[in-house]
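The values are calculated or read from the model by the stated rules, or taken from the named source; none is laboratory data. Remember, it's a predicted structure, so these values are computed and weren't measured experimentally. Cβ coordinates were reconstructed from backbone atoms using ideal geometry, including for glycine residues, and neighbour counts include every protein chain displayed.
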Amino acid sequence: MTDATRKEKILVWDAPVRVFHWLMVFSFAGAYLTAESEYWRLVHVTLGYTMGGLVAFRIVWGLVGTRYARFSSFVREPSAVMRYLRALLSGKPEHHVGHNPAGAVAIVLLMLSSAVIVASGWAIYNDVGGEWLSELHDIAATAMLLVIAVHVAGVAVSSWLHHENLVRSMVTGNKLGRAEDAIRRRWRPLAVVILAAALGFWWLQWQSAPQIRPSGAEEMAVKPEAQKHANSAG
């Protein structure tokens, strides 16, 4: 192996991209699991709004962020996507330091479906629009789940064929590549700000949550205690 083709661990994914990725995973999973529960409605809404904020950040970072975070580095024309898929099916996929063309399609679809989910969810929560919004909300959520399933399968196949753990790379930020292809900054302070903003928003939502009144056995247990205090006061 020559020096020109020598590969080593290099920094590819900056900290904000990684924090965005895992916050999106957590937010969608939590929102999806709480979708049918009235008891967890505030959690569902909070995580949905979090997804909206994350997508807004990712759009900005896709324009001004680091090399492999920018849309211009991974969004490709349909012919490039088809060429990559053919190579993948042949067992010899093209290696990309950043997102591969198929992964780029998944990212764009995930962001679009997230935007539809958040917009329709906001309208439903604020009683804006009709019943069709509920159907749109459900369809978008199901579509996003399907895209995630395909994306995860693609990551598993690519990791196997390239002998590279792509999930771990989204944790550490490192992938195999040439030294000159590495990004220079991790942008950790910005990642901390993003995480702090998400946690702060969740805390504010928790503080504004309505108090749940006791019911059933709990309410029966409270009444005698209240009556005892009333008698002693009299």
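Observations on the structure shown:
- Among the residues making up the stretch 53-89, those that are over 26 Å from Trp202 (Cβ atoms) and among the charged types (D, E, K, R) are Arg67, Arg70, Arg76, Glu77, Arg83, Arg86.
- Of the residues making up the stretch 62-97, just one is touching a Gly at 6+ places or on another chain (Cβ under 6 Å), touching a residue at least 40 places away in the same chain (Cβ under 8 Å) and not hydrophobic (A, V, I, L, M, F, W, C), namely Tyr68.
- Which numbered condition Glu8 fails, given (1) touching a Gly at 6+ places or on another chain (Cβ under 9 Å); (2) crowded, with 16+ Cβ neighbours inside 10 Å; (3) of a type outside the set (A, V, I, L, M): (2)
- Among the residues listed as Val116, Val81, Val105, Val128, the single one being over 17 Å from Trp13 (Cβ atoms), touching a helix residue (DSSP H, G or I) at 6+ places or on another chain (Cβ under 9 Å), surrounded by fewer than 16 Cβ atoms within 10 Å (Cβ to Cβ) and among the hydrophobic types (A, V, I, L, M, F, W, C): Val128
- Residue within the stretch 148-155 that is buried (at least 18 other Cβ atoms within 10 Å of the Cβ), touching a Pro at 6+ places or on another chain (Cβ under 9 Å) and in contact (Cβ under 8 Å) with a residue 60 or more places away in the chain present: no
- Among the residues making up the stretch 36-59, a single one is part of a helix (DSSP H, G or I), polar (S, T, N, Q) and out of contact with any Ser or Thr (no Cβ under 6 Å at 6 or more places or on another chain): Thr46.
- You will find that of Ser72, Ser169, Ser90, Ser158, the residue that is over 18 Å from the mean Cα position of the chain (by Cα), at pLDDT 90 or above and not acidic (Asp, Glu) is Ser72 and no other.
- Residue in the stretch 171-183 that is in contact (Cβ under 8 Å) with a residue 12 or more places away in the chain and closer than 20 Å to Met111 by Cβ present: no
- So Val150, is it under 14 Å from Gly48 (Cα atoms) and either among the β-branched types (Val, Ile, Thr) or assigned to a loop (DSSP other than H, G, I, E, B) (or both): no
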